[in-house]
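Enquirer: Structure below; questions to follow.
The values are calculated or read from the model by the stated rules, or taken from the named source; none is laboratory data. Since this is a predicted model, take the numbers as computed values, not measurements. Backbone-built Cβ (ideal geometry, glycine too); neighbour counts: all protein chains shown.
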Amino acid sequence: MKQKYQTYENPLIQRYSSDEMSHIFSPAYKFGSWRRLWLALAKSEQKLGIKISDKQLKQMEANLDNIDFVKAAEYEKKFRHDVMAHVHTFGDVAPDAAPIIHLGATSAFVGDNTDLIQMRAALELVRSRLVKVIDLLAKFAKKHKKMPTLGYTHYQPAQLTTVGKRATLWCYDFVTDLQEVQHRLETIVFRSCKGTTGTQASFLELFDGNHSKVKRLEKMVAKEMGFGEISPVSGQTYNRKIDANITATLGCIAQSAHKFCNDMRLLANLKQMEEPFGKNQIGSSAMAYKRNPMRCERMTSLARYVISLTTSPAMTAAEQWFERTLDDSANKRLSIPEAFLAIDSILGIMANVVDGMVVYPKVIEAAVNAELPFMATENILMAAVQAGGDRQVLHELIRQHSMDAAAEVKMKGKPNDLIERLQKDQAFASVNLKDVMQANKYIGRSPEQVDDFIEDVIKPTMKKFRKYAKVADVELKV
């Protein structure tokens, strides 16, 4: 047997994702779900008249999680078939039930239905993490709703906004993602008992041609597994567009996180805001002073990976031939779990960052003051005109003074002295320049927009979803 550290380990498990998400895609969860499906099938078949004893059901129920993975691997090596390997492994610990395990079913009964069970559970965990992130961002927005800051368009200084208003942009992205996740949860359908090509022929044979019992069977099994809706038709597998739609939703979350992280990384460079930085954290092995935005960088990296993963399920859905082809299997084993594991990590780190975001008001104020003279020129122009000045003449004077002040800043590295220049110009003597230089005069309705956003969007969202917010924090392993 190869020693530890001499074989590849998936970083999503070892470094990033939570234990909860890792468990959902673990062998224990997967094959435990197979056994629960076999039990649900046997129970339903018994109720519909198939000769299955209570003793057989009790043996199955007593061994749902008693899985000998070593023996299963030996069976799979022998049979070259994973489902039959686990049928025999289950039968070994429930010998009385061995003859009726998997009765009437095809491999997709356990494989595909379990995929749906796993994705539903994973979406529920993602939903919980999203609710937590939204709640934290909304609280941050409310706290800083009145703090003026430079807005940026094209990454160039633009009209002022507030720190809190900017946070609502991040928050709303995640609100729309939450709505998409909820839509996926509400519309996910169970495959249930469809047979080898989706015709239910084997089950019709099992029930001696009784169509009513076949229809009741798939509803009963779905109910046992907690699903209310069943796919109305299928081939051997459930519609692979379900995978494509779900991963597309995860890709949208990744886009939101990537946008937030890019903004935070740029703000960190400007020294206006930072992600939390540990007391003993080292930013660089060479440059001891550095405070690298490593958490946001990690999220950006993982988000890029999730976005790239969305193409695989889409291509798989497009590639399925007739009632099924097996070129989906290996791809699904990688793309679906890894997309969820990466998103889980992203949202866990996201909550950690938002909960500890550091704001530097003085740096923000200095950046505002450096650009405010230019932004105040329109108000200065209007005030001077109202005092009796010629609008066109005043406009040209402001333009000339602005160009000269900008040259001092760009060519000589000096402070913006536009206001001082205007104060010396008699054409603007009647204007109270100190009054127009109040930053809060240029933030528009930013504070009110934050209040409206919280009242109209966040409160209804939290009322609906707060019950899902109780989720353990993701421990940052590195």
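Enquirer: Surrounded by 15 or more Cβ atoms within 10 Å (Cβ to Cβ), among the basic types (Lys, Arg) and without any contact (Cβ under 8 Å) to a residue 40 or more places away in the chain - does that describe any residue in region 57-75?
Expert: So far as region 57-75 goes, yes, one or more of its residues are surrounded by 15 or more Cβ atoms within 10 Å (Cβ to Cβ), among the basic types (Lys, Arg) and without any contact (Cβ under 8 Å) to a residue 40 or more places away in the chain.
Enquirer: Also, I was wondering about something else. For region 202-231, which positions are outside any helix (DSSP H, G or I) and either touching a His at 6+ places or on another chain (Cβ under 8 Å) or over 19 Å from SER107 (Cα atoms) (or both)?
Expert: Result: PHE207, ASP208, GLY209, ASN210, GLY226, PHE227, GLY228, GLU229.
Enquirer: Looking at (1) at negative phi; (2) surrounded by fewer than 13 Cβ atoms within 10 Å (Cβ to Cβ), can you tell me which one TYR5 breaks?
Expert: (1)
Enquirer: Quick one: which residue in MET119, MET147 is under 30 Å from ILE458 (Cβ atoms), at pLDDT 95 or above, outside the structural domain of TRP38 (by TED's automatic domain parsing) and among the aliphatic types (A, V, I, L, M)?
Expert: Only one candidate passes the filter, namely MET147.
Enquirer: Determine if region 182-199 includes at least one residue that is closer than 24 Å to GLU297 by Cβ and of a type in the set (Ser, Thr, Tyr).
Expert: no
Enquirer: Please go through region 264-286 and give me each residue that is assigned to a loop (DSSP other than H, G, I, E, B), modelled with pLDDT of 90 or more and either in contact with a Ser or Thr (Cβ under 8 Å, 6 or more places away or on another chain) or of a type in the set (Val, Ile, Thr) (or both), ordered by number.
Expert: GLN272
Enquirer: While we're here: Filter region 287-318 down to residues that are surrounded by 19 or more Cβ atoms within 10 Å (Cβ to Cβ) and part of a loop (DSSP other than H, G, I, E, B) and give me whichever is modelled with the lowest pLDDT.
Expert: For region 287-318, the residue satisfying everything is PRO293.
Enquirer: Now for a separate question. Within region 451-463, can one find any residue that is among the hydroxyl-bearing types (Ser, Thr, Tyr), in contact with a helix residue (DSSP H, G or I) (Cβ under 8 Å, 6 or more places away or on another chain) and modelled with pLDDT of 90 or more?
Expert: Within region 451-463, one or more residues are among the hydroxyl-bearing types (Ser, Thr, Tyr), in contact with a helix residue (DSSP H, G or I) (Cβ under 8 Å, 6 or more places away or on another chain) and modelled with pLDDT of 90 or more.
Enquirer: Checking GLY444 against (1) in a helix (DSSP H, G or I); (2) surrounded by 11 or more Cβ atoms within 10 Å (Cβ to Cβ); (3) at pLDDT 90 or above: exactly one of these is not met. Which one?
Expert: Single failed check for GLY444: (1).
Enquirer: Same structure again: Quick test of your reading of the structure: ILE67 fulfils all but one of (1) under 28 Å from SER128 (Cβ atoms); (2) assigned to a helix (DSSP H, G or I). Name the failing condition by number.
Expert: The number of the failed condition is (2).
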